[in-house]
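Report on the structure given below.
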């Protein structure tokens, strides 16, 4: 077998192994997010500031919000998802989801805050699986005797 045929096959197996690890993790994240949404308490919060973080490609603004839980305690949370331009302004009222037992792990009640990382990871893992399978099939077809 020629080296130029062997390399894509090795890469295909690597991609398949990566997706075999990544897809179960994505499924776990999906079920975890689903469980969170089903059991969460809903509350109202207020955006108190926008935390600016610079990255190699630019900057993103992470909303920082406060809310009061059912026990009357105030919490300040920084969203795990930043955007440019910012998705909120200081003073905006937002819906918040949180577990009564862990209000410090609250999330904004928005699709991207709850499902964003699940969608990104699942999509990348699915694409890795498809590309890996395609590379493997093509490398097998190229080396099959006629």
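Could you list, in sequence order, the residues of region 52-70 that are outside any strand (DSSP E or B) and touching a strand residue (DSSP E or B) at 6+ places or on another chain (Cβ under 8 Å)? Walk me through it before giving the result.
First pass over region 52-70, keeping only residues outside any strand (DSSP E or B): 56-57, 69-70.
Within region 52-70, 69, 70 qualify.
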The correct count of residues that are crowded, with 16+ Cβ neighbours inside 10 Å and farther than 18 Å from residue 81 by Cα in region 104-130 is 3
Taking region 87-102, which residues are farther than 15 Å from residue 46 by Cβ and more than 18 Å from the chain's Cα centre (by Cα)? 99, 100, 101, 102
How many residues does region 73-82 contain that are at pLDDT below 95 and out of contact with any strand residue (DSSP E or B) (no Cβ under 6 Å at 6 or more places or on another chain)? 2
I'd like the residue in region 33-63 that is exposed (fewer than 12 other Cβ atoms within 10 Å of the Cβ) and modelled with pLDDT of 95 or more and, out of all such residues, is farthest from residue 118 (Cα to Cα). 42
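What is the residue count in region 76-128 for residues that are part of a helix (DSSP H, G or I) and touching a helix residue (DSSP H, G or I) at 6+ places or on another chain (Cβ under 8 Å)? Write out each step before concluding.
Kept after step one, since they are part of a helix (DSSP H, G or I), are these residues of region 76-128: 111-128.
Within this subset, residues satisfying the condition of being touching a helix residue (DSSP H, G or I) at 6+ places or on another chain (Cβ under 8 Å) are 114-115, 117-118, 121-122, 124-126, 128.
Here the count works out to 10.
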Every listed condition ((1) surrounded by fewer than 15 Cβ atoms within 10 Å (Cβ to Cβ); (2) more than 16 Å from residue 104 (Cβ to Cβ); (3) modelled with pLDDT under 95) holds for residue 9 save (1)
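The values are calculated or read from the model by the stated rules, or taken from the named source; none is laboratory data. Quick caveat, the model's predicted, so the values are computed rather than measured. We place every Cβ from the backbone using ideal geometry, glycine too, and count neighbours over all the protein chains shown.
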